[in-house]
Amino acid sequence: MKLIQNKSHFNYLTPVWALLVFLIATSSSCNKTKAPETGGKMIIIFQHSVGDQELETDTMKYVNAAGNPYLVSEIQYFISDVCLHTSGGDSILLTKWEDIHYVDTDIPETLQYNLADSIPEGDYSYISFTFGINEEKNKSLMFVNPPESYMFWPEYLGGGYHYMKLNGKWKDNNGVITPFNFHLGIGQTYDSAGNITGFIQNYFRVVLPQSSFSIKNGQVVEVILNMDVNQWFEDPEIFDFNVWGGDIMQKQEAMHIGCMNGHNVFSISELSILLLE
């Protein structure tokens, strides 16, 4: 691929865009129209930061909005059902071959997602995707090989697979360094005796701000997508490890905070239109 025709840089969301993302993401959906066999292509490259700094793992150098000093050891997650939206309200769901993509900060080859679908020529106003896996697709045992198979969500907690494992350590109020597993997946409701009475689907749609582009046949849109780890803990709700502890898989209220904050986690740091060779 060569010849960069258009390049834009976006480091973080402004408050206005953050609000817009939240409002659209709570109502946006993608229809079942599929991409044609000829056209352009899309590549998504994943990056991870804490604020405006590139993520460094296994170093206690970060502080979240609750004042918790913390480090990140690894991040593993799924995105699925990437969708392209036009200003006229039409949308194209990119689902050919690999509609669910696994990202792992420890496995470099997972940090690039080459979508197999062909994209028709035209102008697109924004890009959206599902963080996690929707209820229809999130079935136990659909991944038989690691690393995806290691993302299983316990059957008694709802089955299927984790949406994300964000693992690390934080320094608690007593100065003790304690492990945390900030894991998102299917939530549960409980009765007064602690028995599970139902399950809650926590996957959500992410709408990317400033993701408009125009594409022609023979071109590829390359999107560098950044996850700001701090955003999981601060916007619109403050997440405090001293309140919720290190494990939240059975704490729906804590997972709900994570999912609300997740709408603001992703932004585009670069978008380029290239020519296919």
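Using a Förster distance of 22 Å, how high is the FRET efficiency between S192 and L157, based on the Cβ-Cβ distance and rounded to 0.05?
Rounded to the nearest 0.05, the efficiency is 0.70.
Among rounded, prolate and oblate, which fits the chain when a ≥ b ≥ c are the square roots of the eigenvalues of its C-alpha gyration tensor, a/c under 1.5 means rounded, and a/b larger than b/c means prolate?
Prolate is the answer for the chain, as a/c is 1.5 or above and a/b outweighs b/c.
222 nm [θ] for the chain, helices only, -39500 (n - 2.57) per DSSP H run of 4+, per residue, to 500?
One gets -2500 deg cm²/dmol as the mean residue ellipticity at 222 nm.
Starting from the Cα of E234, step 7 Å along the direction of its Cβ; do the same at S87; then give the gap between the two resulting points in nm.
Spacing of the two 7 Å Cα→Cβ label points: 3.4 nm.
In the chain, which cysteines lack any other cysteine Cβ under 4.7 Å from their own?
C259
Sort S211, S87, S192 so that the residue with the fewest other Cβ atoms within 10 Å of its own Cβ comes first and the one with the most comes last.
S192, S87, S211
With just the Cα atoms defining each centre, how far is the stretch 202-277 from the stretch 82-143? Give it in Å.
13 Å
What is the log10 of I(q)/I(0) for the stretch 168-255, computed with the Debye formula using one identical point scatterer on each Cα and no solvent, at q = 0.16, 0.21 Å⁻¹?
-0.84, -1.14
Values quoted throughout were computed directly from the atomic coordinates according to the rules given, and no laboratory measurement underlies them. All figures in this text were calculated on a predicted structure; none of them were measured in a lab. Counting neighbours? That spans all protein chains shown, and the Cβs are built from the backbone with ideal geometry, glycine included.
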